[in-house]
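Structure, as structure tokens:
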Amino acid sequence: MRNHPCPGLSRRNFLAAAGAVSAVPLLGAPSSAPAAPVAIARCPDYGAALKPTLKTMMDQLGGLAKLVGGKTVTIKINLTGSPNQRMGNTPAEHAQYTHPAVVGAVVRLMGEAGARRIRIAEGCFSSSDPLPEFIMDVGWDPAPLLNAASRVEMVNTNLLGSYKKYARFQTPKGGHIFPGFDLHPAYEECDVLVSIAKMKEHATCGITLAMKNMFGGTPLTIYGDHAGKDGPDENGTQGGRGTIMHAGARGPAKTAPQENDPKSSREDKYRMPRIVADIAAARPIQISIIDGIYTMAGGEGPWNYGRLKPMRPGLLVAGTNAVCTDSVGAALMGFDPMADRGTAPFERCDSSLRLAEELGVGTRDLSRIEIAGLSIKEAAFRIRA
Amino acid sequence: MPVADLVPIEWPSEWQDPALLKLLEGSPVNCLLLPKDAPPGLRAAAEAGGLACPPPPAWKSWKEIDWSVKSGPVCIGDGVWPELAMKGADAGQDSTGSGPTGAPWLDANGWLIRLARARAAGRPVWLRSDPPEKSENLATENYLLAQSEAAAYGAVRPLWIAPAHARQVAAGNPALQSQFKRLLAGIAWHREHREWSQWPVLARLVIASDFAGPNEYTASETLLLAARRNLSFQPVESARLSAVALRGRRALLYLDTQPMTAATAAVVQPFVESGGLVLCLKASAAALKGLRPLAETHPRFALHACGKGRVAVCSGEWDDPYMLALDTHLLMSRRYDAVRLFNSGSLSYFHTTSPDGKRWVVQMLNYARRGAAHQVSLQTWQKVQAARFHSPELPQPQTLELHREPGMQEVYLPTFKVYGTVELEITPHA
């Protein structure tokens, strides 16, 4: 539990500490990146076993009260793509979306652990809808989530709402692609950022876990296909993030930090892993939770082509360092987290794990990561089986 | 024969031989709209066979219809040929147009039929459109979509056959004759199920306007875009707005730029005070009493409490019907959507309820005219005890398995090319 951004720090001290890391040269020794424990548990479904399993995992990480007691928490969930799109008849929460039961259990546990205020956040695809309305479009009832603890709110982080301006986050070491990001104030006003991801492969990044989940936190008004040119366009929330982020066809709104090198490769499989690493470094995640109970294989959503299929690994993963947690998640999926371009799951892209490690976010070296609960060997499966 | 029972065909000019009347035998088509050059013997033979041959309908633009007329069909001549809208030739032959959300754009008539039926006060609504370009390329499914769309929304679309196809049918081309029979069978199927379209619409939203003059553009575009979002609504002429029209509704979108009259305000006031939502312009909001500003903010509306309800007052003029339809949907809340479809890309749907409330039907039109790429699921928060799928593409209705989750139920639909209906049997007292 040392050498990683500590959720016990105040927000101000934490951000200051994160900023101090930026003095480290970009090509610093990866092995010096912090390590933190990761808990692995089996959970067969989203029923009664879910909450106690998550509680045990949090206890294995040091106890949730210590992590969130008296704190403001922002929970980034994963609702990638259109809420009406499914892989066949498979509900989105059994394939591409974070299951609401996991979100509800986490909110409940955090409330019981004394969290002062909890915000559930997502930058919904092509949407300025209030998050509860987007959630209803998925077919879920937002009420149980909003009532899972006291002072629970939901926010679509694509647009400012009642805020006056976006919050600026600098990428340590200058970043691979972006030296910083402008994000919704919900990511600044929280003491603890939680990323609840789905355990999936990804067409552009090889894998999508806790770090890649945060890509959806970039506001469409600044980074979306119809983002403003000179500044955020609060009406420009149509489409996704393909134009600016994936393809680099233009820069984000000019008020936001621009690319370090506009002449760098425009290949999405070069850019996206770097952007994912940059975001993870600019706004570190304090608690990473990966929903691998039900998921899908073959891609991150039903829009991918190829061997898509639902899967039921029955796993939960949690940790306090996103690179460590994602590296364990990758290992559980049957991949070597030390792999890089040319080797699964990064056959055609660079490794966001390595790139984030280079930025000092955390280590992907499993030998340095303490595992709680099940061992990787006990829990591993092959998502490409 | 009562006008409501007429099933018309625009008799092709290419069909000069009265013997071709045999093509209609056994079909529900009972009315010939004859071309000017029809041979005299054709009319005589048709009438001798019991077919009606009325004078040509007075087709008009929907904007020019005299809604005060009390009898005869309302004949709207400026519908659109229903299809997935294609971009211009410069965009490539296979590309489709799309709306602001990226969802495929549909050339559809549902909103117009809904409006016409609301204003026609019980008169039958007939609809036609100019033929599509390259009509010789139309497939049977194109014709079936045109017929199914009109039937689903409760209108009559005289059967029309492209000249090239009419010639081949007349020449005895077996494939074309078979397709023509399939088309007639589709019309017969819809006639057998026409009660569904006559049932009350399952809508929590009333859209009120005079739909004319300065209000015509915003009102018609808002209906069109609400329909494309599959937001269920009931259009009502503002002068006819009544407590009955608002009974059981959650929201009223009052579109007219002219201030709400005192008589209308007297109807709206108790609706909002008892918990309803009203969206209107400032001029109309002034007619309502007891508005208290809410702390909640909205980029395009000033929100007020009024009794147990809310009044959302547009901050300026109505300037974007797309945003207006979206804002209306979200301010009312998707919570009141009776059903939800997944993988519904180019589907449009329309739901009604039996007068006794025991059955819901959701009629779905596939404007892509081919099987959905992914299976379509239908979800409802209403408790149901059984579900069936009906389609003229199936020999028999199909029982659907109910997939129950906490607080909701789903059915998975079979693939269909053009038209299908889900019938839900509602659990009593649920």
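Throughout, read-outs are computed from the coordinates displayed, never taken from laboratory work. If you're wondering where the values come from, they're calculated on a predicted model, not measured in any experiment. With ideal geometry, Cβ positions are generated from the backbone for all residues, glycine too; neighbour counts draw on all protein chains shown.
Among the aspartates and glutamates, which have Cα under 18 Å from the Cα of B:K36 when same-chain residues fewer than 8 positions away are ignored?
Partners within reach: B:E10, B:E14, B:D17, B:E47, B:D130.
Taking Cα atoms, how many degrees apart are the long axis of helix B:262-273 and the longest axis of chain B, rounded to 10 and kept between 0 and 90?
Tilt relative to chain B: about 70 degrees.
Loop-only check: which trypsin sites (Lys or Arg not before Pro) in the range B:94-193 are DSSP coil with at most 14 other Cβ within 10 angstrom? Display every interim value, and only then the final one.
Values: sites: B:R114, B:R117, B:R119, B:R128, B:K134, B:R167, B:K181, B:R182, B:R191; in loops: B:K134.
Answer by residue number: B:K134.
Taking DSSP loops as anything outside H, G, I, E and B, show the longest stretch in chain A free of GluC sites (Glu not before Pro) there with at most 14 other beta carbons within 10 Å.
A:1-188
Among residues other than B:R204 whose Cβ falls under 10 Å from its Cβ, what is the net charge (Lys/Arg +1, Asp/Glu -1)?
Details: positive: B:R249, B:R250, B:R335; negative: B:D337.
Around B:R204, the charge tally is +2.
Considering only A:K71, A:K164, A:K55, give the residue with the highest GNM mean-square fluctuation for chain A, with springs between Cα atoms whenever their separation is below 10 Å.
Looking only at A:K71, A:K164, A:K55, the biggest GNM fluctuation is shown by A:K164.
For the range A:318-324, in order, what is each residue's ³J(HN,Hα) by Karplus, 6.51 cos²θ - 1.76 cosθ + 1.60 with θ = phi - 60°, in whole Hz (x at glycine and Pro)?
Along the range A:318-324, the couplings run 8, x, 9, 10, 5, 5, 4 Hz.
Sum up the charges of everything whose Cβ sits under 10 Å from the Cβ of A:G236, counting Lys and Arg as +1 and Asp and Glu as -1, but leave A:G236 out.
On the way: positive: A:K229; negative: A:D225, A:D233, A:E234.
Once all neighbours under 10 Å are counted, the net charge is -2.
Tell me, what is the percent relative contact order of the range B:241-392, built from C-alpha pairs under 8 Å that lie six or more residues apart? Kindly include the intermediate steps, with their values, before the conclusion.
Details: 200 pairs, mean separation 24.9, N = 152.
Across the range B:241-392, relative contact order equals 16 percent.
For B:V156, what residues show an amide H to amide H distance below 5 Å, using hydrogens built from the backbone and excluding near sequence neighbours?
B:V125, B:W126, B:L127
For chain B, modelled as a GNM with alpha-carbon contacts under 10 angstrom, which of B:P235, B:P406, B:P299 fluctuates the most?
B:P406
Would you grab the residues whose amide H sits under 5 Å from the one on B:L277? Only those 5+ places off in sequence or on another chain, please, with H modelled 1.01 Å from N.
HN-HN under 5 Å from B:L277: B:A251, B:L252, B:R310.
Exceeding 20 Å between C-alpha atoms, which entries from my cross-link table qualify? They are B:K60/B:K181; A:K51/A:K76; A:K76/A:K173; A:K309/A:K377.
Details: B:K60/B:K181 30 Å; A:K51/A:K76 18 Å; A:K76/A:K173 25 Å; A:K309/A:K377 24 Å.
From the list (B:K60/B:K181; A:K51/A:K76; A:K76/A:K173; A:K309/A:K377), the Cα-Cα distance tops 20 Å for B:K60/B:K181; A:K76/A:K173; A:K309/A:K377.
Could you give the C-alpha radius of gyration of the protein assembly as shown expressed as a fraction of 2.2 N^0.38 Å, taking N as the number of residues it contains?
Details: Rg = 29.8 Å, N = 815, 2.2 N^0.38 = 28.1 Å.
In units of the globular-protein estimate, the protein assembly as shown measures up at 1.06.
Could you go through the range B:122-134 in sequence order and give the Karplus-derived ³J(HN,Hα) for each residue, using 6.51 cos²θ - 1.76 cosθ + 1.60 with θ = phi - 60°, rounded to whole Hz, and x for Gly and Pro?
Each residue of the range B:122-134 in turn: x, 6, x, 10, 9, 9, 9, 8, 4, x, x, 5, 6 Hz.
Residue by residue, what Karplus-based ³J(HN,Hα) values in Hz, rounded to whole numbers, does the range A:36-53 have, using 6.51, -1.76 and 1.60 with θ = phi - 60° and x for Gly and Pro?
8, x, 10, 9, 10, 9, 8, 8, x, 7, 9, x, 5, 6, 4, 5, x, 5
Identify all aspartates and glutamates with a Cα-Cα distance to A:K164 below 15 Å; exclude those on the same chain that are fewer than 8 residues away in sequence.
Here the aspartates and glutamates satisfying the reach criterion relative to A:K164 are A:D182, A:E188, A:E189, A:D233, A:E234.
Normalising by the residue count of chain B, find the relative contact order in percent from Cα pairs under 8 Å and 6+ residues apart. Before the final figure, lay out the partial values.
Numbers: 829 pairs, mean separation 51.6, N = 430.
Reported relative contact order: 12 percent.
Given only helices, namely DSSP H runs of n ≥ 4 each adding -39500 (n - 2.57), what is the per-residue ellipticity at 222 nm of chain A, to the nearest 500 deg cm²/dmol?
On the way: 12 runs with 96 residues, N = 385.
It lands at -6500 deg cm²/dmol.
Trypsin sites (Lys or Arg not before Pro), restricted to the range B:1-58: which are DSSP loop and have at most 10 other Cβ atoms within 10 Å? Numbers along the way, then the final one.
Values: sites: B:K22, B:K36, B:R43; in loops: B:K36.
Sites meeting the loop and neighbour criteria: B:K36.
Report for the protein assembly as shown the percent antiparallel among DSSP-assigned beta bridges with both residues inside it, nearest 5.
Values: 68 of 117 bridges.
Within the protein assembly as shown, antiparallel bridges account for around 60 percent of the total.
Calculate the dipole size of the range B:339-426 relative to its Cα centre from +1 charges on Lys and Arg beta carbons and -1 charges on Asp and Glu beta carbons; express the result in debye to the nearest 20. Let's see the in-between values first.
Working: 9 positive and 7 negative charges, 36 e Å.
So the magnitude is around 180 debye.
Which ordering of B:F342, A:F381 is given by a fewest-first count of other beta-carbon atoms within 10 Å? Please list the in-between numbers first.
On the way: B:F342 27, A:F381 17.
By the 10 Å Cβ count, ascending, the order reads A:F381, B:F342.
What are the lysines whose alpha-carbon lies under 25 Å from the alpha-carbon of B:K383, with same-chain residues fewer than 8 places away excluded?
B:K358
If contacts are Cα pairs under 8 angstrom and at least 6 residues apart, what is the relative contact order of chain A in percent?
On the way: 959 pairs, mean separation 89.3, N = 385.
Once divided by the residue count of chain A, the mean separation gives 23 percent.
Taking only Cα atoms and a 10 Å spring cutoff, compute GNM fluctuations for chain B and point out the largest among B:N215, B:N142, B:N109.
B:N215
Inside 10 Å of the C-beta atoms of B:328-335, what's the mean count of C-beta atoms belonging to other chains? Don't skip to the answer; put the middle values down first.
Values: counts 0, 3, 7, 1, 0, 4, 10, 6.
Counting Cβ atoms of other protein chains within 10 Å of each residue's Cβ and averaging gives 4.
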